[in-house]
Amino acid sequence: MALAPGVGKQLIVVSCYTRFDNLAHGPRGTEAQRSLYTYSMDPADGQMVLLSVTKDEVMNPAFSRFHPQKNLLYTCTESVAENGQIVTWKVCPETGRLSKLASSDAGGTSTCYLTLDRACENMLVVNYWDATIGVFGVDPKQGHVDTARSMFDPNNGRRMKARHDKHVNHSQNDHSAQAERQADPHSHAVILDSYFGRIAFVPDLGMDVIRQFRYDPEAGSLTAAGMIRSGPADQKALGPRYIEFHPTLPMCYVINELASEVSVFEFDLHEAQQLLNSSLDSLQHASPVIRLVQTIRTIPDAFPGNLNTCGRITVHCSGNFVLVSNRGHDSIAVFRVQHALPRAGMLSMVGNFHTRGATPRHFQFDGSGQWLITANQDSDRISVFRFNLANGRLDWTGHEYHVPSPNFVCNVQPHPEEAAELSDDKPSDAAAVALAAQHVVHGGLLQAALCHASPLACEAGSGTRGKASPSAWIMPMDVRAEAAAFVACAAALVVGTAHLAFAAAGINVMVPSSCVLYGNDIRQSPVKSCQIKEAAELSDERPSDAAAAALATQHLAGGGVLQAGSLLRPGAAAPLPRLT
């Protein structure tokens, strides 16, 4: 069965600065005439081809976020002189064309970060210059960002000391620049914890702290719940910029822009649960849910710290590496993540790798995790590197492309066009398969919920056949498994109710062929009512697409219910959580 057009295609969207005079920092490249460039990437060799350039005049888009279920791209604009705009773009999977769908006022200046909550019902937004953090509703049908539901101001309404029309260049990192940059709060990012999705963390570059909030998705509100220093207590001018969670370990990593250091924090699940259960009055006295356990430098010891500021930090999808961009040293610092106790989650330096350009403000991996694209802001270039998954080295491919003042790289893997129909009426087999296969191939775990596409549907957890309820169709669940997975296995989703998690190379699916799986129970069956001849292949090697499809389809057609067992990465300290 053929997949829908666009499934498996990978687009790379690069945003650019179009005006320099209204920025907090001082780019040294070329002002762009067009703000967004869309490329397609060949996963075989990392080469890219320019597909489209936006015609809509949008000033200084500087951060992008792709919707996990819809072909929508969100960007936010950066200016210290005027409120930012959150722009929603429709992405054409075939042509890469971006069509402006809507625009909303961000409620603050120099908008710099966007985060969708788990249900994609709200967007959390950060405005760097005036430090405000807003929660905005997301239109449930069209997906565009609506008006603000709440706004938190860490400055409590006080006027900022720095003026938008008279301020230091925030690209500088000497003592006088640091003093002015840290005279006011400057929120720089907002993320939700990866366990509950209910605790928000906001690095405040101006105050050297990570602000902690309890997030209420129903009310669309953030309630302050204390703060944590972003580095050692005796150190000044840290400048926390971004924070990222590890995909499997209870750890998170903060990049301190001014200090050129990574701070490693341990996430305390017990304290997090207590914070979520606390009364509203006691939240201001809540204990920190993250604890500093390590700091490590991102540049060579002999390189002057005042000549560098850090840009992005990310955890590789394998969970084995953390990467940081150095602006000034013009390098990517790669760190290996330790998995053995008692140092699980701690970092050790692999090396610094030159970005073949100046001021790597941002970088991004492709969907496979083997190609890294750097946005070299001040040399008007984006560059492609091959990432060695074994040792963490970055090897220059020779592929570079002219883009004026690139500031952000977004990996866009389009969803099938028919996917939107699945929530409203009966999907065709092709649409259901396309949606499922697309989600799996892009690294997701899928749950097939009571799909009408086949009369063989089983009631969830019962192990008996029955008529499915029309209340739910195919619903993508927690996205945790990285890299490409078994594409054709997803075809089996249209046969009946199932919980499926087919893993990629390097991830084992622990489901023995002698097991019949009902609901959450795994029971050994002496009578193999759903015998699968090729099941043994799952634990050893990736079966062919045809074999994988036959395997899953045969099991489901025989009345079986599949559920993902524990998924364990090589070298991981603990298995991923089960789906329930």
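The values are calculated or read from the model by the stated rules, or taken from the named source; none is laboratory data. These numbers were taken from a predicted model, which means no experiment stands behind them. All Cβ positions, glycine included, derive from the backbone under ideal geometry; neighbour counts span all protein chains shown. Quick note on the areas: whole protein, heavy atoms, side chains included, nothing else; ligands and nucleic acids left out. Shrake-Rupley method; radii C 1.70, N 1.55, O 1.52, S 1.80 Å.
Can you name the condition, by its number, that Asp139 falls short on among (1) closer than 21 Å to Thr309 by Cα; (2) open to solvent by 10 Å² or more (accessible area, probe 1.4 Å)?
The failed condition is (1).
Condition check: within 23 Å of the chain's Cα centre (by Cα) and acidic (Asp, Glu). Does Glu31 satisfy that?
No, not satisfied.
What's the number of the only condition in (1) under 21 Å from the mean Cα position of the chain (by Cα); (2) part of a loop (DSSP other than H, G, I, E, B) that Val202 fails to meet?
The single condition Val202 does not satisfy is (2).
Is it fair to say Ser379 is open to solvent by 30 Å² or more (accessible area, probe 1.4 Å) and farther than 30 Å from Glu31 by Cβ?
When the stated conditions are applied, Ser379 does not pass them.
Has the range 146-162 got at least one residue that is assigned to a strand (DSSP E or B), among the basic types (Lys, Arg) and within 20 Å of the chain's Cα centre (by Cα)?
In the first step, residues of the range 146-162 are kept if they are assigned to a strand (DSSP E or B); the result is 146-152.
Checking which are among the basic types (Lys, Arg) leaves us with 149.
Checking which are within 20 Å of the chain's Cα centre (by Cα) leaves us with none.
No, the range 146-162 contains no residue that is assigned to a strand (DSSP E or B), among the basic types (Lys, Arg) and within 20 Å of the chain's Cα centre (by Cα).
Please enumerate the residues belonging to the range 260-269 that are closer than 16 Å to Ser194 by Cβ, of a type outside the set (D, E, K, R) and more than 20 Å from the chain's Cα centre (by Cα). Write out each step before concluding.
Start the filter on the range 260-269 by keeping residues that are closer than 16 Å to Ser194 by Cβ, which leaves 264-269.
Those still in the list that are of a type outside the set (D, E, K, R) too: 264-265, 267, 269.
Scanning the range 260-269 gives a single hit, Leu269.
Show the residue pairs that are 6+ apart or on different chains and have beta-carbon atoms under 6 Å apart, the first residue being within the range 204-227 and on the phi > 0 side of the Ramachandran plot and buried (at least 17 other Cβ atoms within 10 Å of the Cβ), the second being at pLDDT 95 or above and of a type in the set (A, V, I, L, M, F, W, C).
Asp208/Leu238; Gly220/Val135
From Ala179, Ala183, which residue is open to solvent by 20 Å² or more (accessible area, probe 1.4 Å) and assigned to a loop (DSSP other than H, G, I, E, B)? Steps first, please.
On the way: Ala179 fails: assigned to a loop (DSSP other than H, G, I, E, B).
Criteria check complete, one pass: Ala183.
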